[in-house]
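The values are calculated or read from the model by the stated rules, or taken from the named source; none is laboratory data. Since we're looking at a predicted model, the values are computed, not measured. Heads up, the Cβs are rebuilt from the backbone with ideal geometry, glycines too, and the neighbour counts pull from every protein chain shown. Heavy atoms of the whole protein, side chains included, go into the accessibility calculation; ligands, DNA and RNA do not. Shrake-Rupley method; radii C 1.70, N 1.55, O 1.52, S 1.80 Å.
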Amino acid sequence: MKTYESVIIVKPQLSDTEVGNFVTKVKELITKNGGEVTSEEKLGRRKFTHEINHLRDGFYLYLKFKAEPKFVKTLEETLKLNDNVLRSMTMVALEIKAKPVVK
């Protein structure tokens, strides 16, 4: 399994409860397909530099999870079909290992 990071932007009209329900459904989708959610963050509402579907802002979500590579396509297709999702992007998480400083 690889580690992935996903940023999802949902419509700003959603209430906090609806956003919470959406996050729960996405996490359930990941775990049902053999993945594991390692962290999640609700980054809040932020303004866009350009309009998306005539909207000026959106609610940002960040998920870090472990899953099989074939699952990422399923996740992206599921998010595209959801009317509440404005944009989403999933990428492989790079783990940078710091080298010790030699004096």
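Summary of computed values
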quantity	calculated
Listed residue (ASN33, ILE8, PHE65) projecting farthest to the positive dipole end of the chain, Cβ model	PHE65
Carbon and sulfur %, accessible surface of the chain computed with the full protein complex present, 1.4 Å	52 percent
Listed peptides 72-78, 6-12 by packing density, highest first (mean Cβ within 10 Å)	6-12, 72-78
Probe 1.4 Å, accessible area per residue of the chain, Å²	71 Å²
Computed lengthening from LYS27 to HIS54, 0.36 nm per intervening residue step minus Cα-Cα distance	6.9 nm
Per-residue ³J(HN,Hα) for segment 70-79, Karplus 6.51 cos²θ - 1.76 cosθ + 1.60, θ = phi - 60°, Hz, x for Gly and Pro	5, 6, 4, 5, 4, 4, 4, 5, 5, 5
Estimated translational D of the chain in µm²/s (Stokes, Kirkwood radius over Cα pairs; 4 °C; 1.567 mPa s)	88 µm²/s
Point-charge dipole on Cβ atoms (K/R +1, D/E -1) for the chain, about Cα centre, debye to 20	440 debye
Linear extension gain, GLN13 paired with VAL101, 0.36 nm per residue minus alpha-carbon span	26.8 nm
Computed helical MRE - 222 nm, the chain, DSSP H runs ≥ 4 contributing -39500 (n - 2.57), nearest 500	-9500 deg cm²/dmol
Inter-label distance, nm, simple model (7 Å from Cα along the C-beta direction), ARG45/GLU76	3.0 nm
